[in-house]
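K.L.:
After the structure tokens below, expect a handful of questions from me.
No value in this document is a laboratory result; all are computed from the given coordinates. Since we're looking at a predicted model, the values are computed, not measured. Every residue, glycine as well, gets a Cβ built from its backbone with ideal geometry; the counts of neighbours run over all protein chains shown.
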Amino acid sequence: MGELDSAVIALLRKYALQNALEYDGQGQVGSVMGRVMGENPDLRSQAKHLTPAIASQVAEANALATEKGLEHIRSILESESPDALEKKVKERREGLPPLPNAEQGKVVLRFAPNPNGPLSFGHARGVVINAEFARMYDGEVILRYDDTDAVVKPPDPKAYALIEEDFSWLTGQVPNRIIRASDRMEIYLTHAEKTLAENHAYVCECTGDAFKEFRISKTECPCRNRSTEDNLSLWEKMNDGSIQPGGAVIRIKTDMTLANPALRDWPALRIQHANHPMVADRYKVWPLLDFQSAVEDHLQGVTHIVRGKDLMDSTRKQTLLYEKFGWEYPETLYWGRVKIFEFGGFSTSQMKLDIAAGQYSGWDDPRLPTLRAMRRRGYDAGAMRKFWIDLGLTQKDISVPMSTLNSLNAKAVDAEAPRLSFVRNPRSINLDISDIELAKVTLPIHPEHPNKGVREWPLGEGTLTVKIAREDFEVRGAKRLKDFADIEIHHEKTASGWRGDVIRTERVDNTPIIHWLTSNMAQPAVLLLEEEGELIAAEGLLEVNDYPDGTVIQLERMGFAILEGIEDNGARRLVRLHG
């Protein structure tokens, strides 16, 4: 490709300046590329050739922002491209944006967790986005376990199966391929030896602090000039255990004067003598993630990588490695961080420690943000998928309340959730219904779907014992038992409860409505719910029903819950779903 047309150069400059302005002088090539292609789709076929030009414009724009300030960038745009400063109102996009340079039936993506525990709500984003893109393009999504660190984040042997279960529940499908990096160590070591043999890498015996000084001063460390023979000899000693952990690393040769310090002779493999739970002590040298992932993406034919913008340096490192091997790097898209207000700073490693310490009952403790815990609380997989797809791939860091997901979930489960009554800390009220010409109370299973039928509570004759919540009992004055009668409670204890009178059965005024149960329609129950960060087992009575475990129900005046099982004492167990 020859010199770029002046109009194209102006387009690149416009979006480089706009990106620098929006991100405080930290504009990114990928973001600018996306905007350029969005305005002029005809340039998609020239993406590779445009990359150096975009990189140059981005570097210049960022430098201007640093040296002369963001207002200087703004003044340039006001003069050259005022449209880049306009806040454009865009139509809401349904679903994800199209993938760049994607061919129907040939798209391959991957979701690559560290198997040190089951998936969390944060992991769900990677699962959903990659699976949805694969669906859109009739492509494949690979579940790859990046389990080559047995020291800092050692794999949990149980996590592999848990992650596969979480993946299938969330997407409704199994992965097209499942790969364990620890099973493919020979491949990574072969590629590492190839980098040494072809002088693309070297064995570095400098300490971390010593090499940091070389990186800062942009000078080469003495190890870099070793002969290929010496590097291969040291490589053999690394692998046979002669060199201890920390004694040497393999570094990829780049350029020690590169603007980004992270790219200067970056480390690709290190020594670990730890016992790996899947392959024991078979290997002494293990790849770091940037090397292992780069090799595996190429071997598996990955066409598109979707990752957090915090991994942009990984893209840059891996691109340099691909150039040495003569490979074509996958198309890469980025998203910004999403912070969920209610979840705070949970991490899989910390959750594991807290569970071991007894702070949580397990990975499915309802207070945790794991998919297993959220599934236990009745969250719908479809609602969760919609949540992440609606957020899309914005690179901006955003904060989202759980109420957003709860709203989507309520819409997803409401239509099917039958209504039931739950009475917490019940009080027995004895009512004389001798003069009431009503044999039963009829309530809808779902008030908005009459076709689902009704629930019937027989009333009998004479004295009717009803159960109401303690909080309703303690409020003086007339109350209306929902769909039945207005009553007055006399706070006089009898042998079997408290005495009350029926005022009338018809609805006349705004008497406060309370939920209730007849004694013959109540079964002991325990409702697990979170209160001020503590998991509370609220004892009470649940309306008799024959719904199977796993059914999401709506408790009158209390919201959604899920039927879970039977306690040792025979009480029905439920878990509360907030929202």
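K.L.:
Would you mind telling me the antiparallel percentage of the DSSP bridges in the chain, rounded to 5?
P.N.:
Numbers: 59 of 86 bridges.
So the antiparallel bridges in the chain amount to around 70 percent.
K.L.:
Taking H placed 1.01 Å from N in the peptide plane, check which residues at least 5 places from residue 516 or on another chain put their amide H under 5 Å from its amide H.
P.N.:
Amide H to amide H, under 5 Å and 5 or more residues apart or across chains, residue 516 pairs with 482.
K.L.:
How tilted is helix 228-240 with respect to the longest principal axis of the chain? Cα atoms for both, answer in degrees (0 to 90, nearest 10).
P.N.:
30
K.L.:
From the backbone phi of the range 304-313, what are the Karplus-calculated ³J(HN,Hα) couplings (6.51 cos²θ - 1.76 cosθ + 1.60, θ = phi - 60°) in whole Hz, Gly and Pro given as x?
P.N.:
Result, ordered by residue: 9, 10, 10, 8, x, 5, 5, 9, 4, 5 Hz.
K.L.:
Helix 159-171 versus the longest principal axis of the chain: what is the Cα-based angle in degrees, 0 to 90, to the nearest 10?
P.N.:
With both axes taken from Cα atoms, the answer is about 70 degrees.
K.L.:
Could you pull out every residue, at least 5 positions away or on a different chain, whose amide H is within less than 5 Å of the one on residue 522? Hs are placed 1.01 Å off N in the peptide plane, and Pro or chain starts have none.
P.N.:
Amide H neighbours of residue 522, under 5 Å, 5+ apart: 544.
K.L.:
Let me have the relative contact order for the range 281-345, percent, based on Cα pairs under 8 Å that are six or more residues apart. Write down the numbers at each step before the final one.
P.N.:
Values: 42 pairs, mean separation 25.1, N = 65.
With pairs under 8 Å counted, the relative contact order is 39 percent.
K.L.:
Same structure, new question: What pairs from 284/317; 440/482; 68/317; 48/218; 309/339; 237/284 go past 19 Å between their alpha carbons? Write down the numbers at each step before the final one.
P.N.:
Details: 284/317 24 Å; 440/482 13 Å; 68/317 30 Å; 48/218 28 Å; 309/339 14 Å; 237/284 10 Å.
The answer is 284/317; 68/317; 48/218.
K.L.:
Could you work out, for the range 196-327, what percent of all Cα-Cα pairs fall into each 10 Å distance bin, beginning at 0 Å and stopping at the bin that holds the largest distance?
P.N.:
12, 39, 37, 12, 0
K.L.:
Hey, another quick one. Measuring from centroid to centroid over Cα atoms, what is the spacing of the range 111-126 and the range 449-506 in Å?
P.N.:
49
K.L.:
Related question: Hey, fewest Cβ within 10 Å first, where do 363, 516 land in order? Kindly include the intermediate steps, with their values, before the conclusion.
P.N.:
Details: 363 23, 516 29.
Ranked by crowding around the Cβ, least crowded first: 363, 516.
K.L.:
Have a look at 330, 259, 378 and report the one farthest towards the positive end of the charge dipole of the range 253-378, computed about the Cα centre with Cβ charges (Lys/Arg +1, Asp/Glu -1).
P.N.:
378
K.L.:
Kindly write out, for the range 43-48 in residue order, the coupling ³J(HN,Hα) from the Karplus curve 6.51 cos²θ - 1.76 cosθ + 1.60 (θ = phi - 60°), rounded to whole Hz, with x marking Gly and Pro.
P.N.:
Computed from phi, the couplings for the range 43-48 are 7, 4, 5, 9, 3, 4 Hz.
K.L.:
Check residue 25: other-chain or 5+ apart residues with amide H under 5 Å from its amide H, H built from backbone geometry?
P.N.:
none
K.L.:
Also, quick follow-up: Could you let me know the centre-to-centre spacing of the range 253-328 and the range 353-384, using Cα atoms, in angstrom?
P.N.:
32
K.L.:
Dimensions of the range 94-335 along principal axes (Cα, Å, largest first)?
P.N.:
Dimensions of the range 94-335 along the principal axes of its Cα atoms: 55, 38, 27 Å.
K.L.:
Right, here's the next one. Average the reciprocal distances over every distinct pair of alpha-carbons in the range 256-315, invert the result, and give the Kirkwood radius in Å.
P.N.:
The answer is 13.8 Å.
K.L.:
Per DSSP H run of at least 4 residues, take -39500 (n - 2.57); add these up for the chain, divide by its residues and hand me the 222 nm value, nearest 500 deg cm²/dmol. Don't skip to the answer; put the middle values down first.
P.N.:
Numbers: 16 runs with 194 residues, N = 579.
After summing the helix terms and dividing by the residues of the chain, the value is -10500 deg cm²/dmol.
K.L.:
Same structure, new question: Could you go through the range 15-30 in sequence order and give the Karplus-derived ³J(HN,Hα) for each residue, using 6.51 cos²θ - 1.76 cosθ + 1.60 with θ = phi - 60°, rounded to whole Hz, and x for Gly and Pro?
P.N.:
So the Karplus estimates, Gly and Pro as x, are 6, 5, 5, 4, 5, 4, 5, 6, 10, 6, x, 10, x, 10, 4, x Hz.
K.L.:
Let me ask another. Among [x] 208; [y] 218; [z] 161, which is the computed volume of the Cα convex hull per residue in Å³?
P.N.:
Correct label, based on the coordinates given: [x].
K.L.:
Follow-up question, since we're still on this one. Expressed as a fraction of 2.2 N^0.38 Å, the rule-of-thumb size for a compact globular protein of N residues, what is the C-alpha radius of gyration of the range 419-577?
P.N.:
Details: Rg = 15.9 Å, N = 159, 2.2 N^0.38 = 15.1 Å.
In units of the 2.2 N^0.38 Å rule of thumb, it is 1.05.
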